[in-house]
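So the structure is just underneath, and the comments pick up after that.
The values are calculated or read from the model by the stated rules, or taken from the named source; none is laboratory data. Computed from a predicted model, the values in this text were never measured in an experiment. FYI the Cβ positions are ideal-geometry reconstructions off the backbone, even for glycines, and counts take in every protein chain you see.
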Amino acid sequence: MQNDRQSFNMTIGHFRGNMQSTNGNWAVVTGASSGLGVEFAKILAARKINLVLTARSEAPMQKLASELISTHGIQVSVIASDLAKPGSATALRNRIDDQNIQPEILINNAGYGFSGSFQLQSVEALNTMLQLDIISLTELTHLFGERMKTAKRGHIMLVSSMAAHQPVPMLAAYSASKAYVLSLGEALHVEFAPDVNVTTLIPGLLNTGFAHAANYTAPKAALSSVIPTAEAAQIGIDAMFARKPSVIAGTMNKIMATMVPFVPRSTAAKIAFDMAKK
Ligand SMILES: NC(=O)c1ccc[n+]([C@@H]2O[C@H](COP(=O)([O-])OP(=O)(O)OC[C@H]3O[C@@H](n4cnc5c(N)ncnc54)[C@H](OP(=O)(O)O)[C@@H]3O)[C@@H](O)[C@H]2O)c1
């Protein structure tokens, strides 16, 4: 938990945004050190929403915080935290409490995958991934969702993946974890309504740090579906404020998703396996 104690809190000025569209002064963005998380933070900052940025890597978040503070005059708190550690969600919530911040928006974005043969992935590595992708995401949703329900307002976004729609051999545990996220998000969208909104973003392949972290080489056929990361983030934020249950980012991905019900899951899994081997 050493990292957890290395908090860096940057605040300037007073909140002065127009909050009519969100009723939210503060948003927590997990996985805010790179990729989609950075884009979420930029979009929310442009709406004058104060931010808690969290991930393990503190330096990129400090840099982002400085930019957002000077560009948008918002307040930003940077909290370095490893959400793959058991208990880290509660620890993060406690540290946000210590700063008297009551978030009205939670962007559950931090996540990564392992690609490759399931049997070659160690139990420890699988546990770490599932702790981040499933357990911490669930705990944060519970911890902040509880308070949002009491306050009768708030937005929660869960970041799933196109991999949630079908079994994906060679990304087996990751795709299963994202199926969990999608199912959880769509269930809570109904359970938390009408006061608190839960939206699940379903991105396809993006050009972020994900592929490197997953040691993943995308099948060539999937490359044409890539959209800019900022565009995917904007689609997610727009859907969240429009209180949609879920949204697929990108036209190609939407088209692919329409085919899912017509292909037997066993066939889809075999096709994905064959593509992964090429
Ligand atoms: N890129 C894609 O093709 C794609 C497609 C569909 C869905 N997604 C999903 O989109 C989300 C964002 O990923 P991305 O594409 O933006 O990839 P990314 O650039 O690798 O960003 C992942 C973020 O998660 C954080 N993270 C990783 N391990 C963590 C840990 N143990 N504790 C706390 N934070 C941790 C990383 O920060 P630190 O390393 O600094 O901790 C980073 O900020 C993920 O949930 C991913 O599964 C991505």
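All conditions in (1) surrounded by 23 or more Cβ atoms within 10 Å (Cβ to Cβ); (2) closer than 20 Å to LYS254 by Cα; (3) within 12 Å of the ligand (Cβ to nearest atom) hold for ALA218, with the sole exception of (1).
Just checking, does the range 18-34 include any residue being over 16 Å from the mean Cα position of the chain (by Cα), part of a helix (DSSP H, G or I) and of a type in the set (A, V, I, L, M)? There is no residue in the range 18-34 that is over 16 Å from the mean Cα position of the chain (by Cα), part of a helix (DSSP H, G or I) and of a type in the set (A, V, I, L, M).
For every residue, the table says whether it meets (1) surrounded by fewer than 23 Cβ atoms within 10 Å (Cβ to Cβ); (2) in contact with a Phe, Trp or Tyr (Cβ under 6 Å, 6 or more places away or on another chain).
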position: ALA151; (1), (2): yes, no
position: ILE156; (1), (2): no, no
position: ALA173; (1), (2): yes, no
position: LEU184; (1), (2): yes, no
position: ALA193; (1), (2): yes, no
position: VAL198; (1), (2): no, yes
position: HIS212; (1), (2): yes, no
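Residues in the range 164-208 that are touching a strand residue (DSSP E or B) at 6+ places or on another chain (Cβ under 7 Å), more than 21 Å from ALA151 (Cα to Cα) and not in a helix (DSSP H, G or I): THR200, LEU201, ILE202, PRO203, GLY204. The residue that is nearest to the ligand (Cβ to nearest atom), among those in the range 108-127 that are outside any helix (DSSP H, G or I) and aromatic (Phe, Trp, Tyr), is TYR112. Within the range 1-55, track down each residue that is surrounded by fewer than 15 Cβ atoms within 10 Å (Cβ to Cβ) and at pLDDT 50 or above. The answer is ALA46, and nothing else.
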